[in-house]
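Q: Structure incoming, see below.
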Amino acid sequence: DWYKGLKNGQTSTDDDDRSGRTSTGTTPENVVKVRDLILQDRRVTIQDLCNTLGLSYGTCQRILSEELNMRRIAANFVTQLLQNEQKQHRLEQFLAKNKMAVVPHPLYSRDLAPCNFFLFPKMKIKLKGRRFDTVEEIQEETQMVPNTLPKKDFKDASEKWQKRWDQCMRSQGDYFEGDGAE
């Protein structure tokens with residue numbers, strides 16, 4: 001076939017358009033449908049997905065592995081979790097790409113974590129005594145709390161954080177909130 005093409009003056013080595021329909025199975029809608037079915041029942045088989053959604057076996061496999069980053073473990077589909085090194089590498093890439101400075105701090109130091117002394121108490125006050133029917137409602141409400149706080153609160157938290165950090169450095173890490181060390 002290629003020989004005939006070259007003999008007849010064809011100079012392109014690219015494939016010609018072929019007859020048949022283009023692949024339409026891996027659409028955003030189908031990805032969402034597959035994800036929802038997996039979340040409903042993690043023991044669902046690829047064949048069950050094919051029968052339910054009317055997709056080919058290959059399309060379902062491609063959606064699971066390439067689009068949803070899932071693989072079968074012990075007869076269940078689970079999201080592949082990143083190892084600690086992979087998480088660290090991705091974080092470093094993100095910070096470098098966005099030109100963000102890394103501020104060193106001791107691990108598990110609650111009194112130096114701004115979320116622990118600033119944001120979480122404010123969330124607790126705003127959400128205390130309320131009941132939620134779904135996890136999505138909780139997520140929605142907790143994500144709204146920072147948006148309702150004035151800029152001054154964030155500025156004050158930053159100043160308090162700097163003060164706590166300075167106290168911790170002066171005491172060479174032998175510091176805890178409320179000890180009166182200045």
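Q: Which shape class applies to the range 24-102: rounded if a/c is under 1.5, otherwise prolate when a/b exceeds b/c and oblate if not, where a ≥ b ≥ c are the square roots of the Cα gyration tensor eigenvalues?
A: Verdict is prolate for the range 24-102.
Q: Determine the alpha carbon to alpha carbon distance for each of Lys87/Lys152; Lys87/Lys126; Lys124/Lys155; Lys126/Lys160 and list only those over 28 Å. Don't jump to the answer; show the numbers that get you there.
A: Numbers: Lys87/Lys152 33 Å; Lys87/Lys126 32 Å; Lys124/Lys155 20 Å; Lys126/Lys160 21 Å.
Over 28 Å Cα-Cα: Lys87/Lys152; Lys87/Lys126.
Q: Shifting gears a bit: Taking 0.36 nm per residue of sequence separation and subtracting the Cα-Cα distance, how much length would be gained by fully extending the chain between Thr148 and Gln61, in nm to one decimal?
A: Residue separation times 0.36 nm, minus the Cα-Cα distance, leaves 27.0 nm.
Q: Can you compute 3J(HN,Hα) from phi for each residue in the range 139-144, using the Karplus curve 6.51 cos²θ - 1.76 cosθ + 1.60 with θ = phi - 60°, rounded to whole Hz and x for Gly and Pro?
A: My calculation for the range 139-144 gives 4, 4, 5, 5, 6, 7 Hz in order.
Q: Here's a follow-up. Between Ile125 and Phe94, with labels modelled 7 Å along Cα→Cβ, what's the label distance in nm to one decimal, could you check?
A: Label at Ile125, label at Phe94, 2.9 nm between them.
Here, each number is a calculation from the coordinates, and none is a lab measurement. Everything numeric here is computed off the predicted structure, so don't read it as measured data. Counting neighbours? That spans all protein chains shown, and the Cβs are built from the backbone with ideal geometry, glycine included.
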